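S.K.: If you scroll down you'll find the structure; I have some questions about it.
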Amino acid sequence: MQDDERLLSLATNQQTLFLLVEVKTDLCNINGPWSNADQGNMQRVVRRLGFAEDDQIEGIAASMYRELRWEDQNTVLQYVAVGKRKNDGRGRQFARLAQVTWDEIAQFFYERFQQFPEKLPSDGRLIHEQWPDFGRAYGKRFRRMKSSRESEEFVLDYIESERVLRTS
């Protein structure tokens, strides 16, 4: 099963990819704690992820604050902003920031559901029946969708209705 090309392009097959994802209902953005080096949040996250030696943490954090990306031969740490609209200002400020829109996510869902069977091979259940909230709702609706545009509308309606906040 092929993953999203944009995510695959963030790292080589030899690198482990860690994503820090900021999710917004509307404009893709970065919360203050992730852009304010004085707070030291990036250092805490890098430490908790466990891939770096103590003497590497400050350098990795500095790169993340500067570029929202760090990599070496074995590892990539990438910041991703998700929202309804891409943020041109943040894109200019951080050229390596990956931004993903809800429409792009909906398109990925739609294509994935079209390409792969809905039923589990083991017992014939519909695959989305095993998922919580959004996945189950999307799976039920997908069977009636006639286009990827309907997928985009469903995802945006779900996000904007704040169901995503109540179910997390």
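Conditions tested, residue by residue: (1) in contact with a strand residue (DSSP E or B) (Cβ under 8 Å, 6 or more places away or on another chain); (2) more than 30 Å from residue 157 (Cα to Cα).
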site: 26; (1), (2): yes, no
site: 29; (1), (2): yes, no
site: 37; (1), (2): no, yes
site: 40; (1), (2): no, yes
site: 44; (1), (2): no, yes
site: 51; (1), (2): yes, yes
site: 54; (1), (2): no, yes
site: 62; (1), (2): no, yes
site: 70; (1), (2): yes, yes
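S.K.: Filter the range 1-24 down to the residues that are touching a strand residue (DSSP E or B) at 6+ places or on another chain (Cβ under 7 Å) and of a type outside the set (D, E, K, R) and list them by number.
M.R.: Hits for the range 1-24 are 10, 11, 15, 16, 17, 18, 19, 20, 21, 23.
S.K.: Take the range 79-130 and flag every residue that is among the basic types (Lys, Arg) and part of a loop (DSSP other than H, G, I, E, B). Before you say what the answer is, go through the steps one by one.
M.R.: Applying the first criterion (among the basic types (Lys, Arg)) to the range 79-130 yields 84-86, 90, 92, 96, 112, 119, 125.
Answer for the range 79-130, where residues must be among the basic types (Lys, Arg) and part of a loop (DSSP other than H, G, I, E, B): 84, 86, 96, 125.
S.K.: Just checking, how many residues over the range 100-135 are loosely packed, with under 14 Cβ neighbours inside 10 Å and of a type in the set (Gly, Ala, Ser)?
M.R.: Count: 2.
S.K.: Might you let me know whether the range 32-52 holds any residue that is part of a strand (DSSP E or B), of a type in the set (Phe, Trp, Tyr) and outside the structural domain of residue 137 (by TED's automatic domain parsing)?
M.R.: No, the conditions are met nowhere in the range 32-52.
S.K.: For residue 46, state whether it is in contact with a helix residue (DSSP H, G or I) (Cβ under 6 Å, 6 or more places away or on another chain), surrounded by 15 or more Cβ atoms within 10 Å (Cβ to Cβ) and not hydroxyl-bearing (Ser, Thr, Tyr).
M.R.: Yes: the conditions hold for residue 46.
S.K.: Considering the range 55-105 alone, what residues qualify as being among the hydroxyl-bearing types (Ser, Thr, Tyr), under 16 Å from residue 11 (Cα atoms) and touching a Cys at 6+ places or on another chain (Cβ under 9 Å)?
M.R.: None; the set is empty.
S.K.: Next question, about the same structure. Looking only at the range 43-66, decide whether some residue is among the acidic types (Asp, Glu) and within 30 Å of residue 149 (Cβ to Cβ).
M.R.: no
The values are calculated or read from the model by the stated rules, or taken from the named source; none is laboratory data. Note that this is a predicted model, so its numbers are computed, not measured. So basically every Cβ, Gly included, is an ideal-geometry build from the backbone, and we count neighbours across all protein chains shown.
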